[in-house]
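The values are calculated or read from the model by the stated rules, or taken from the named source; none is laboratory data. Predicted model, so just to flag it, every value in this text is computed and none were measured. For neighbour counting, all protein chains shown are included, and Cβ atoms are generated from backbone atoms with ideal geometry for every residue, glycine included. Please note that ligands, DNA and RNA were not included when accessible areas were found on the heavy atoms of the full protein model with its side chains. Shrake-Rupley method; radii C 1.70, N 1.55, O 1.52, S 1.80 Å.
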Amino acid sequence: MINRKNRLFLLIPIFILLVFLLQLFTIPDSQVPLKKFEVFSKSENRIENSNNGKEYLIDGSDRFQWYRKQRDSFIKKAKKNSTPEVKTISILQAYEFEFEYVISHTTPDINGGVVFCRYFDSSDKEIEQSVESFTYPEWTIYCPKRKGTHKISISVKSNSEPTLPIPLLNRITEPKYNLSMCMTPMYGPEPKWLLLTEMIEHYKLQGADHFYLYVSHISEYDSYLLQDYVRTGEVEVIYLLDRYKRKDHGWPMIQYSDCLIRSRAQSKWSIFADIDERLIMTNYTGTILNYLDNLKNETIGGIQFRQRWILKTEMMPQNYTGEKQILEWMPTLRWHNTSSVGPPNHTVKCIVDPRKVFETWTHFPKIMYPGHVIKQLLPEEGIVRHYRDQTMWSWGKKWLAGVLKFGPLSMTDYPTNYQKKLFEAVEKRTKYVYENFQLCALLHGMLLWNNVLSVLNAIVYSLDGNNEELNLLNDLPDRINASTTNYDDVIGAFFDDTDNSIVSTIDYGKASDCPRAAKYGKGPPADCIAPSDPNNKPKTELESWFTQEMFEDLFPNANLGWGPHSCWPYSYEAFIIASRYFPNFGTGLNVNNTVYSQNENKKRDLATFFAHAIQETGENNIALYDTMSDQAASNCFYRGGFFNWFEGGPTSGFLDPANPGHQPIDGDSCSLGGLYCSSSAQINYFYECANKSSGNPASPFKGCYFGRGAIQISYNYNYGQFNDWLKTQNISVDLLEEPNLVMTKMDPPLSILASLWFYMTPQPPKPAMHDIVMGNWNSGEKNKAAGYTGPIFGPTSLIINNECSGEDKVNPGGGGESRRIKAFKWFCGYFDVPVEKDELLSCKKMPTPLDQIWHNLSYQPDWSSTWKEVPCECAPASYGGMIGYYDPNYYPQEFAEVNEYNRLKCIASMYDNPEMYSMDNKTSPCLNY
């Protein structure tokens, strides 16, 4: 039996335990975060059980205790005796995450200070008592969650007046964007419209699908451009309104902090960069998104790019004036004087996974969530091309001398494999915005004053007696007088109800029905070398159905308006000689699809090639639609192919103004903008640009790889690969030394032959355009499920120029993919062959881009054996390179047969120049064998 004394002794620990438990459950609410296994649902006013206990913890600790530990560490490092007193607070935005609310604020000088979270229901009624928190990281407040909360506020004392409550943005989601852009706030006097467009389009080419743009000050003119991107759903604008005296350059840190939170749970990766910075991969041939998708190490929370400064010496133009201005003023085309690479961690820029970063700074994250790191890229992997203005903020005087200590300046170019696509995207967007916004504003203003009939008078007279459209106009007053009229819908209904289809009748007219085009130059010479074929290739089936009469009817304005002529690049003779080198072109041979007959396939093949030639080198005279009926104008518009020889039109800005492109020989030299020279260790080994001078100051360069020929072959690596193919045909030329031979050589005629080679030849990961429209391609499972498979036209626009914007409703519409689609439909109508459904004419809705369909693309050193003492080998790799690998599951057999030759070519290059693969005899012993 236990005596009384011993029983008392046993009760003591029980009493101590009860006291401890009582204290645990009576800690003031302001000091206790939510229980680890409770998650509050904003949408349902109740507590839900969660299985995410481990996710709630951070580094094994309660997440709010971990936050407090970071704040206390900051206070200690800052050597502050106490936390700053918070007297006012200004909220920017509030977000609801799974385990907490996070608030962005704009109040300066309160980092680490104590504040109080205040909770409100859907009726703005405060619920429960306030909860003490603190401002850390800077510009950020974390608040525990409370049941029933719809809005949140902050106060400086537990019972003082809170700020106006604001709704919580839902961030309890899976990321809906792959790659977002967080751009430093816009401010300062320099016009932004062109810088902004180039920045957005650059990162779109790199895989970005959303942009968070912060605006402190922006001109009305620049805002037109910004709002157009909002209209198309690509941009989210955050306006920064200040309650404090703050200089413009005081905003960036607020933006970094807010965008890290704003993009968390919305985007897998977020780019943090300025409007004048272009992050780009270097030796890696894919996009930034491709690189990020291939990162398999889950500990990587971001990648860091070192800087190269491109010296920008002028302010950007005030207003848009036209395509020529874009060509002259795009920063990536105008400025090339480049610094050496900055040292590691010196003004670097980062792309981060916002779920793995706790606090970020101007140049890199300050605190990562435990277990995550930043990968520092080598300059050979990626850099920042920073187009830094020398005059703004006296940068040139203050900082240039320091930059020059990193090494000498050199002339460099924006990557040539993206330059043309970037220019066309920038030109298309700026033209759309600034050529249309004044007219649209005028039209809307007149509609608001109920002057609809007077506005549409001009349209009535231009319809040339079309009764259907007149009936629509007669109905218009009733539509306008209807209650709650949406004037955009009224105008939209007019155009939507009108049949603007190009292929709507069987009357495609003839060339003689069309007005003659303007002519440039003096015309063809009296004596010349007619096109010939040194290989005497045999005739193909194409010649049995596509006649000289058809060619001359389709292209009456070829060769700068002078018409087809055997002395000049575009003629029936040149077309036929070139086609004999590709027996499958326009013949329906080696085509297995059963969707179309052989007769239909061969004509659709030609329709595809001609459609792209219309966009690339057509006259594209939209004035025809001002004076002719829609169908008659289309019949003449799409007869305008093979008009131009050189990129930039009949009078190319790349050439000497005294010899602007009116003779084929004029393309022999060019200005800096026409170089189109892509440079990397591998490109320089296989396809190095010619470094020769013409001696002509107006066009001083000889190695010019701008677009030439029917569908504009461009860049040194394309000229080089075409040159390689010519060698296999026993045609000896050196297009890297003399690229203008594409326009002047007539034995065989290279102007059309180069374009047909590009059209018929796959370049992994892209299949050949011919193979797509014939159905000889593998589109991947997701694309097949969506109908993007077999013989279709849509993805061919993606191949030639990465265009997937769809078809405009009106004729002739804008350039790009829309014009290619309309031209294809017209040529199919001319040849009397069927067209697939509209959705498949565009690549706009194709689920998986071609460069994201995983398969091996190139031959690279076999890294599994380079470290062994055995002969070096090459193996197929899933990233691009200069030596293609044609996966038999994705490319026709005739190309797969080249693989063995390419493998040996890779091995030979490895021994001849191991440095371009970052190999040497020590790290790669195979080189000794």
### Query
Which of the helices (runs of 4 or more DSSP H) contained wholly in the stretch 715-795 include at least 1 residues that are in contact with a helix residue (DSSP H, G or I) (Cβ under 9 Å, 6 or more places away or on another chain) and of a type in the set (Ser, Thr, Tyr)?
716-728, 741-744, 750-760
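The rows are residues; the columns are (1) at pLDDT 95 or above; (2) of a type in the set (Val, Ile, Thr); (3) in a loop (DSSP other than H, G, I, E, B).
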position: Gln307; (1), (2), (3): yes, no, no
position: Ile310; (1), (2), (3): no, yes, no
position: Asn319; (1), (2), (3): no, no, yes
position: His346; (1), (2), (3): no, no, yes
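Give me a count of the residues in the stretch 262-311 that are more than 30 Å from Glu96 (Cα to Cα) and either open to solvent by 40 Å² or more (accessible area, probe 1.4 Å) or basic (Lys, Arg) (or both).
Of the residues in the stretch 262-311, the ones more than 30 Å from Glu96 (Cα to Cα) are 276-287, 290-291, 294, 305-311.
Imposing the further condition that a residue be either open to solvent by 40 Å² or more (accessible area, probe 1.4 Å) or basic (Lys, Arg) (or both) reduces the set to 278, 282-285, 294, 306, 308.
Qualifying residue count, the stretch 262-311: 8.
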### Task
Being open to solvent by 10 Å² or more (accessible area, probe 1.4 Å), touching a residue at least 24 places away in the same chain (Cβ under 8 Å) and part of a helix (DSSP H, G or I) is the filter here, so list the residues in the stretch 608-627 that pass it.
Gln615, Glu616, Leu624, Tyr625, Asp626
## Note on the structure
When Gly816 is run through (1) crowded, with 20+ Cβ neighbours inside 10 Å; (2) closer than 17 Å to Arg639 by Cα; (3) at pLDDT below 95, the failure sits at (2)
## Note on the structure
Of the candidates Ala526, Ala558, the one satisfying the condition of being among the hydrophobic types (A, V, I, L, M, F, W, C) and in contact (Cβ under 8 Å) with a residue 40 or more places away in the chain is Ala558
### Task
Looking only at the stretch 434-444, decide whether some residue is open to solvent by less than 90 Å² (accessible area, probe 1.4 Å), modelled with pLDDT of 90 or more and assigned to a helix (DSSP H, G or I).
yes
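Any residue at all in the stretch 591-606 that's outside any loop (DSSP other than H, G, I, E, B) and farther than 27 Å from Asn801 by Cβ?
yes
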### Message
Every residue in the stretch 683-728 that is open to solvent by less than 10 Å² (accessible area, probe 1.4 Å), under 17 Å from Pro660 (Cβ atoms) and not charged (D, E, K, R), please.
### Response
Ser699, Cys704, Phe706, Gly707
### Task
Evaluate the following for Pro524: is it modelled with pLDDT of 95 or more and surrounded by fewer than 21 Cβ atoms within 10 Å (Cβ to Cβ)?
no
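How many residues does the stretch 145-187 hold that are aliphatic (A, V, I, L, M), in a loop (DSSP other than H, G, I, E, B) and within 15 Å of Ile103 (Cβ to Cβ)? Don't jump to the end; show me each part of the working.
Step one: list which residues in the stretch 145-187 are aliphatic (A, V, I, L, M), which gives 152, 154, 156, 164, 166, 168-169, 172, 179, 181, 183, 186.
This time we only want the ones that are in a loop (DSSP other than H, G, I, E, B), so: 156, 164, 168, 172.
Next, only the ones that are within 15 Å of Ile103 (Cβ to Cβ) stay: 156, 164, 168.
Adding up the residues that qualify gives 3.
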### Task
Would you point out the residue of the stretch 312-335, among those that are among the hydrophobic types (A, V, I, L, M, F, W, C) and within 18 Å of Ile200 (Cβ to Cβ), that is most open to solvent (accessible area, probe 1.4 Å)?
Trp329
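Just give me the residues in the stretch 130-151 being of a type in the set (A, V, I, L, M) and either over 16 Å from Gln255 (Cα atoms) or free of Cβ contacts under 8 Å to residues at least 12 places away in the same chain (or both), in sequence order. Explain how you work it out, then say what you get.
Taking the stretch 130-151 as the starting set, the residues that turn out to be of a type in the set (A, V, I, L, M) are 131, 141.
Within the stretch 130-151, just Val131 meets the criteria.
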#### Entry: Selection from the stretch 124-144 of residues that are over 41 Å from the mean Cα position of the chain (by Cα), among the aliphatic types (A, V, I, L, M) and in a strand (DSSP E or B)
Val131
### Message
The conditions are (1) aliphatic (A, V, I, L, M); (2) surrounded by fewer than 21 Cβ atoms within 10 Å (Cβ to Cβ); (3) part of a loop (DSSP other than H, G, I, E, B), and Ile89 fails exactly one of them. Which is it?
### Response
(2)
### Message
Exactly one condition in (1) closer than 23 Å to Leu850 by Cα; (2) modelled with pLDDT of 95 or more is false for Asn740; which is it?
### Response
(1)
### Message
Please count how many residues of the stretch 33-85 are at pLDDT below 50 and outside any loop (DSSP other than H, G, I, E, B).
### Response
8
### Task
Quick one: in the stretch 628-674, of everything that is in a helix (DSSP H, G or I) and free of Cβ contacts under 8 Å to residues at least 60 places away in the same chain, which residue is least open to solvent (accessible area, probe 1.4 Å)?
Gly674
### Task
Say whether the condition of being free of Cβ contacts under 8 Å to residues at least 40 places away in the same chain, in a loop (DSSP other than H, G, I, E, B), open to solvent by 20 Å² or more (accessible area, probe 1.4 Å) and not aliphatic (A, V, I, L, M) is met by at least one residue in the stretch 92-100.
no
### Query
Looking at (1) small (Gly, Ala, Ser); (2) in contact (Cβ under 8 Å) with a residue 40 or more places away in the chain; (3) under 28 Å from Asn535 (Cα atoms); (4) surrounded by fewer than 23 Cβ atoms within 10 Å (Cβ to Cβ), can you tell me which one Ser680 breaks?
(3)
### Message
Go through the stretch 797-835 and report how many residues are in a loop (DSSP other than H, G, I, E, B) and of a type in the set (A, V, I, L, M, F, W, C).
### Response
4
### Query
Pick from the stretch 840-857 the residues that are modelled with pLDDT of 95 or more and either among the β-branched types (Val, Ile, Thr) or not in a loop (DSSP other than H, G, I, E, B) (or both): which of them is surrounded by the most Cβ atoms within 10 Å (Cβ to Cβ)?
Leu841
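Just checking, which of Ser532, Ser483 is assigned to a loop (DSSP other than H, G, I, E, B), at pLDDT below 90, over 37 Å from the mean Cα position of the chain (by Cα) and more than 24 Å from Ser818 (Cβ to Cβ)? Break it down stepwise before answering.
On the way: Ser532 fails: at pLDDT below 90.
Of the residues listed, the single one that is assigned to a loop (DSSP other than H, G, I, E, B), at pLDDT below 90, over 37 Å from the mean Cα position of the chain (by Cα) and more than 24 Å from Ser818 (Cβ to Cβ) is Ser483.
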### Message
Being outside any loop (DSSP other than H, G, I, E, B), hydroxyl-bearing (Ser, Thr, Tyr) and either modelled with pLDDT under 95 or touching a helix residue (DSSP H, G or I) at 6+ places or on another chain (Cβ under 6 Å) (or both): is that true of Ser678 here?
### Response
no
## Note on the structure
Those residues of the stretch 518-550 which are more than 21 Å from Lys603 (Cβ to Cβ) and among the hydroxyl-bearing types (Ser, Thr, Tyr) amount to Tyr520, Ser532
